[in-house]
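J.: Have a look at the structure that comes next, please.
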Amino acid sequence: MRRAAAGRAAVVAVGHAAAVRGAAPGGPFLRTAAAYAWRLLAVGLLLSTLFALLGRFHEIGVALFLGLVVTALLRPVADVVARGLPRALAVALTLLGGLALVLGVLALVGEAVAGRRTTLAREFGDGLGRVQRWLEAPPFRLDPGP
């Protein structure tokens, strides 16, 4: 009888020692899941903070993003031009060429839009009328006002 009681006390003591050492009940799967959960929480907090900062400084974030896009697009061209010219001159020529290309495309698009100005103005007015009629109909039933 004393042996059985001593055996139970030893089991309780071993269980208590495991709890004291920090062993989590549930085995290694639960410990691994808990570790990944903390990592996900940390990454989520970091991303939330990053987006909150970018929300406050969105002008800077947009400018930085566009700068990186322009760099990614023009670097291969600058590398090719740099084979025959000094690097600084190659970068300057590539930037000026890229700017001229963008302005040329905008000029062509602007000319095409200006040529169809009357048609676009009529279609825009028709589209606004359709949206207004749609908002006056069920389920919205909005009053257009005076």
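J.: Scattering from the C-alpha atoms of the range 30-96 alone, worked out with Debye: what is log10 I(q)/I(0) at q = 0.16, 0.19, 0.23, 0.26 1/Å?
T.: -0.70, -0.78, -0.91, -1.01
J.: Would you please put 72-78, 44-50 in order of how densely packed they are, using the mean number of other Cβ atoms within 10 angstrom per residue and starting with the highest? Mind showing how you got there, number by number?
T.: Working: 72-78: 13.4, 44-50: 10.1.
Per-residue mean Cβ counts within 10 Å order the peptides as 72-78, 44-50.
J.: Hey, got a sec? Which trypsin sites (Lys or Arg not before Pro) in the range 76-131 land in a DSSP loop and have at most 13 other Cβ atoms within 10 Å? Don't skip to the answer; put the middle values down first.
T.: Details: sites: R83, R87, R116, R117, R122, R130; in loops: R83, R116.
Answer in residue order: R83, R116.
J.: Can I ask one more? Which value in nm describes the separation of the simple spin-label points at L54 and L99, placed 7 Å from the Cα toward the beta carbon?
T.: Reported label-point gap for L54 and L99 is 2.8 nm.
J.: For the range 54-146, what is the accessible area per residue in Å², given a 1.4 Å probe and the full set of protein chains?
T.: On a per-residue basis, the range 54-146 sits at 84 Å².
J.: Mind listing which chymotrypsin sites (Phe, Trp or Tyr not before Pro) in the range 45-96 are in a DSSP loop and have 14 or fewer other Cβ atoms within 10 Å?
T.: F57
J.: Please work out whether the range 14-143 counts as rounded, prolate or oblate from its C-alpha gyration tensor, where a ≥ b ≥ c are the square roots of the eigenvalues and a/c under 1.5 means rounded, while otherwise a/b larger than b/c means prolate and anything else oblate?
T.: oblate
The values are calculated or read from the model by the stated rules, or taken from the named source; none is laboratory data. Keep in mind it's a predicted model, so treat the numbers as computed, not measured. FYI the Cβ positions are ideal-geometry reconstructions off the backbone, even for glycines, and counts take in every protein chain you see. SASA here: full protein model, heavy atoms, side chains in, ligands and nucleic acids out. Shrake-Rupley method; radii C 1.70, N 1.55, O 1.52, S 1.80 Å.
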